[in-house]
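Here is the structure we will look at.
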Amino acid sequence: MQTDRRPARPLSVLVVDDNSDAALMLELLLTQAGYRVVTAGDEASAVAAAEAQPPDAVFLDIILPGGTGYEIGKRLCSMLDRRPLLVAVTGVPDLQDDSRRAGFDHHLVKPVDPAVVLRLLADHAARLP
């Protein structure tokens, strides 16, 4: 018997990427899969979005103008009541150890594999109360 692993409410996902094409592709994938998605291109926009709608998961580009995704992830976790799933998304594959040390749950290299993204979110949703 197959069980539905989706939560009672759709997950809220924050995508932070200064590359608008990359952000849009991820937003389209997640929206079509039924997730509520907000995108941001910098730290100020990401913080404002997280304050307006605390995300269940955050996909963070690591190399951003004026800072890093690691810094934003740390800030978001400190301000939110519940820690979101943190996924590093970057074009630099050899930053995986840095992502782990920064407390990220996963490290994906662009272009991300849609099946992997959806599996990560489904697994996270299954663990939520």
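The values are calculated or read from the model by the stated rules, or taken from the named source; none is laboratory data. Please read all numbers here as calculations on a predicted model, not as lab measurements. Quick reminder, even Gly has a Cβ in these numbers, built from the backbone with ideal geometry, and neighbours come from all protein chains shown. These accessible areas exclude ligands, DNA and RNA; they are computed on the full protein's heavy atoms, side chains included. Shrake-Rupley method; radii C 1.70, N 1.55, O 1.52, S 1.80 Å.
Listing for the model above:
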item	result
Residues located in the stretch 10-32, provided they are over 16 Å from Leu108 (Cβ atoms), aliphatic (A, V, I, L, M) and open to solvent by 10 Å² or more (accessible area, probe 1.4 Å)	Leu24, Leu28
Test: residue in the stretch 45-53 that is over 11 Å from the mean Cα position of the chain (by Cα) and touching a residue at least 40 places away in the same chain (Cβ under 8 Å)	yes
Single condition Asp94 does not satisfy, out of (1) under 23 Å from Asp113 (Cβ atoms); (2) of a type outside the set (Phe, Trp, Tyr); (3) open to solvent by 30 Å² or more (accessible area, probe 1.4 Å); (4) under 14 Å from the mean Cα position of the chain (by Cα)	(4)
Enumeration of residues in the stretch 36-82 that are open to solvent by 80 Å² or more (accessible area, probe 1.4 Å), in a helix (DSSP H, G or I) and of a type in the set (D, E, K, R)	Glu51, Glu71, Lys74, Arg75
Identity of the residue in the stretch 97-129, buried (at least 18 other Cβ atoms within 10 Å of the Cβ) and of a type in the set (Gly, Ala, Ser), that ends up farthest from Ser45 (Cα to Cα)	Ala125
